[in-house]
Amino acid sequence: MDKSDFLVCDASVPLVTCDILRDELLLYNLDSQAFDALTNQFNLLSQKELTKSTKITELSGGQQVILMILLALNSPAPKLHYLNIFRALDPQRRLEVGNLIANSPKQIIVD
Amino acid sequence: MLHISSGELTCWPGFSLKLESELSFLPGNSYHLVGNNGSGKSSFITQILLPLLQKHEANLYRIYVQQLFHIQGFAIKAHAAINKPELKLRSEQDCLIYLLHNLSEAIVRQARPVYLIVDESLYLPVIYDYLKQFGFPHCLIYSHHGANPLPTPDHTIAFKPLSANVSSVYETGL
């Protein structure tokens, strides 16, 4: 299978920027509606409020992986390739993230 | 050797850990930190445990294997390239073994207790086997979300969110 046009999201390096969430949002090209969906989903999964000024270094490793997964899911990218995403998640989060991925209309590969 | 008094400790603005009783971390013991994502395990390590270990750095060795090991791996590869250019570190496991060899050489030069903190590493069993093989006195503190790949730890420390801003920290089975 040709994966060259998939957006690769590797949980070993979940976030590219290292200051506030606004920087990471620029990379994923999220509009305001997608940002609202992202923050709602993140709050449901992590019981934590996100704003564009949230310092991503204050998120735990697992929360950073969840954020990466949601950023990609809410981005315009139609094809996603997730790597190593479940290792950093607790059992409940694995189940919930797995459901989100399974219900997404995007074409998604999880390795 | 390391003791942390009970009480509420601020890790970040808006997030603190409530230690229900004093915690002690002693060489010869293993400690499993358990709790869901965001319960404060990594904050405990980076904001409380590591600064405390730093205060005692003249009397011990410490190794911290980060949850997101990628950047740390680059630093280790750079160290190897400068100090042991004949070695070619390729994988994360190569980097960890290099780090542990470096530690064992330091112990041969000057024996001190070793504190190893391993935060969600795929290579926890590799680290454990190395420690067991080398046999130096150590205190192993680790977090791991999957089935515990190590023998039953001597101590289990639980992290339980009381709210979005506070988690309770306590040793189970006491």
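Against the definition (loosely packed, with under 14 Cβ neighbours inside 10 Å and within 14 Å of chain A (Cβ to nearest Cβ)), how does B:Phe74 come out, yes or no?
Details: loosely packed, with under 14 Cβ neighbours inside 10 Å: yes; within 14 Å of chain A (Cβ to nearest Cβ): yes.
In short, yes.
Scan region B:47-69 for residues that are without any contact (Cβ under 8 Å) to a residue 12 or more places away in the chain and either within 14 Å of another protein chain (Cβ to nearest Cβ) or within 18 Å of A:Leu89 (Cβ to Cβ) (or both) and jot them down. Steps first, please.
Applying the first criterion (without any contact (Cβ under 8 Å) to a residue 12 or more places away in the chain) to region B:47-69 yields B:51, B:54-55, B:57-58, B:68.
B:Leu68, the sole residue that qualifies.
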Confirm whether B:Glu86 is out of contact with any Cys (no Cβ under 8 Å at 6 or more places or on another chain), in a helix (DSSP H, G or I), more than 30 Å from B:Glu171 (Cα to Cα) and not aliphatic (A, V, I, L, M).
-> no
Total residues in region A:60-77, condition closer than 21 Å to B:Pro13 by Cβ and more than 8 Å from chain B (Cβ to nearest Cβ) | 1
Per the filter on region B:1-27, residues free of Cβ contacts under 8 Å to residues at least 60 places away in the same chain and surrounded by fewer than 16 Cβ atoms within 10 Å (Cβ to Cβ) are B:His3, B:Ser5, B:Ser6, B:Gly7, B:Thr10, B:Trp12, B:Pro13, B:Glu22, B:Ser24
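Matching residues to (1) modelled with pLDDT of 95 or more; (2) surrounded by fewer than 14 Cβ atoms within 10 Å (Cβ to Cβ):
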| position | (1), (2) |
| --- | --- |
| B:Glu92 | no, no |
| B:Val118 | yes, no |
| B:Tyr123 | no, no |
| B:Val126 | no, no |
| B:Gln133 | no, yes |
| B:His145 | no, no |
| B:Leu174 | no, yes |
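Looking only at region A:1-34, which residues are among the polar types (S, T, N, Q) and either away from chain B (no Cβ under 14 Å) or out of contact with any Phe, Trp or Tyr (no Cβ under 9 Å at 6 or more places or on another chain) (or both)?
Initially, region A:1-34 is screened for residues among the polar types (S, T, N, Q), giving A:4, A:12, A:17, A:29, A:32-33.
Matches in region A:1-34: A:Ser4, A:Thr17, A:Asn29, A:Ser32, A:Gln33.
Examine region A:78-88 for a residue that is among the aliphatic types (A, V, I, L, M), within 26 Å of B:Gly14 (Cα to Cα), surrounded by 14 or more Cβ atoms within 10 Å (Cβ to Cβ) and touching a residue at least 60 places away in the same chain (Cβ under 8 Å), and state whether such a residue exists.
Here is the first cut: in region A:78-88, the ones among the aliphatic types (A, V, I, L, M) are A:80, A:83, A:85, A:88.
Keeping just the survivors that are within 26 Å of B:Gly14 (Cα to Cα) gives A:88.
The next check asks that each one be surrounded by 14 or more Cβ atoms within 10 Å (Cβ to Cβ); those that pass are A:88.
Adding the requirement that they be touching a residue at least 60 places away in the same chain (Cβ under 8 Å) leaves A:88.
Yes; the residues of region A:78-88 include at least one that is among the aliphatic types (A, V, I, L, M), within 26 Å of B:Gly14 (Cα to Cα), surrounded by 14 or more Cβ atoms within 10 Å (Cβ to Cβ) and touching a residue at least 60 places away in the same chain (Cβ under 8 Å).
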Could you tell me whether region A:13-26 includes any residue that is surrounded by fewer than 16 Cβ atoms within 10 Å (Cβ to Cβ), charged (D, E, K, R) and modelled with pLDDT of 95 or more?
-> no
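Among the residues of region B:116-131, count how many are assigned to a strand (DSSP E or B) and either touching a Cys at 6+ places or on another chain (Cβ under 6 Å) or within 13 Å of another protein chain (Cβ to nearest Cβ) (or both). Before you say what the answer is, go through the steps one by one.
Step one: list which residues in region B:116-131 are assigned to a strand (DSSP E or B), which gives B:116-119.
Among the residues that remain, those that are also either touching a Cys at 6+ places or on another chain (Cβ under 6 Å) or within 13 Å of another protein chain (Cβ to nearest Cβ) (or both) are: B:118-119.
Residues meeting the conditions: 2.
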Working only within region A:94-103, note down all residues that are polar (S, T, N, Q) and either assigned to a helix (DSSP H, G or I) or under 11 Å from A:Tyr82 (Cβ atoms) (or both).
-> A:Asn99
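The values are calculated or read from the model by the stated rules, or taken from the named source; none is laboratory data. Note that this is a predicted model, so its numbers are computed, not measured. All Cβ positions, even for glycine, are placed from backbone atoms using ideal geometry, and neighbour counts span all protein chains on display.
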